[in-house]
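The values are calculated or read from the model by the stated rules, or taken from the named source; none is laboratory data. For clarity, every value in this text was computed on a predicted model and none was experimentally measured. Positions of Cβ are generated from backbone atoms using ideal geometry, with glycine treated the same way; all protein chains shown enter the neighbour counts. To get the accessible areas, we keep the full protein, side chains included, count just its heavy atoms, and leave off ligands, DNA and RNA. Shrake-Rupley method; radii C 1.70, N 1.55, O 1.52, S 1.80 Å.
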Amino acid sequence: MGREFFVHPNVLLGTNVVIEEGVIIGKPPRGFGSGQLETRIGDNAVLRIGSIIYAGATIGDDFSTGEYAIVREK
């Protein structure tokens, strides 16, 4: 399996972020286009397989998702 994931524009990734397969970061919520809302992921975050982080989310350091988690904007 490849290490495929998708990062939309206007996403700020901290250092040492682990992004597993199938993760989408910066998915725009309804009414917004790709890259319109800034998305921030802190240092040492772990985004596990299949997780979706919506645009407009701000995630601090040492954050970790479970598999297939969804984090909404704001």
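Computed quantities for the displayed model
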quantity	calculated
Filtered residue count, region 14-23, keeping only those that are exposed (fewer than 15 other Cβ atoms within 10 Å of the Cβ) and either in contact with a Phe, Trp or Tyr (Cβ under 8 Å, 6 or more places away or on another chain) or among the aromatic types (F, W, Y) (or both)	1
Considering residues of region 46-58 that are β-branched (V, I, T) and within 23 Å of E4 (Cβ to Cβ) only, the residue surrounded by the fewest Cβ atoms within 10 Å (Cβ to Cβ)	V46
Hits in region 54-74 (condition: small (G, A, S), touching a strand residue (DSSP E or B) at 6+ places or on another chain (Cβ under 7 Å) and in a loop (DSSP other than H, G, I, E, B))	A55, G56, A57
Residue satisfying all of: in region 1-53; basic (K, R) and part of a loop (DSSP other than H, G, I, E, B); farthest from E67 (Cα to Cα) among these	R30
Unmet requirement for V11, which otherwise passes all of (1) within 11 Å of the chain's Cα centre (by Cα); (2) surrounded by fewer than 16 Cβ atoms within 10 Å (Cβ to Cβ)	(2)
Members of region 24-40 that are under 16 Å from L12 (Cα atoms), of a type in the set (G, A, S) and open to solvent by less than 40 Å² (accessible area, probe 1.4 Å)	G26, G35
Only listed residue being in contact (Cβ under 8 Å) with a residue 12 or more places away in the chain, more than 11 Å from H8 (Cα to Cα) and open to solvent by 60 Å² or more (accessible area, probe 1.4 Å), chosen from D61, D43	D61
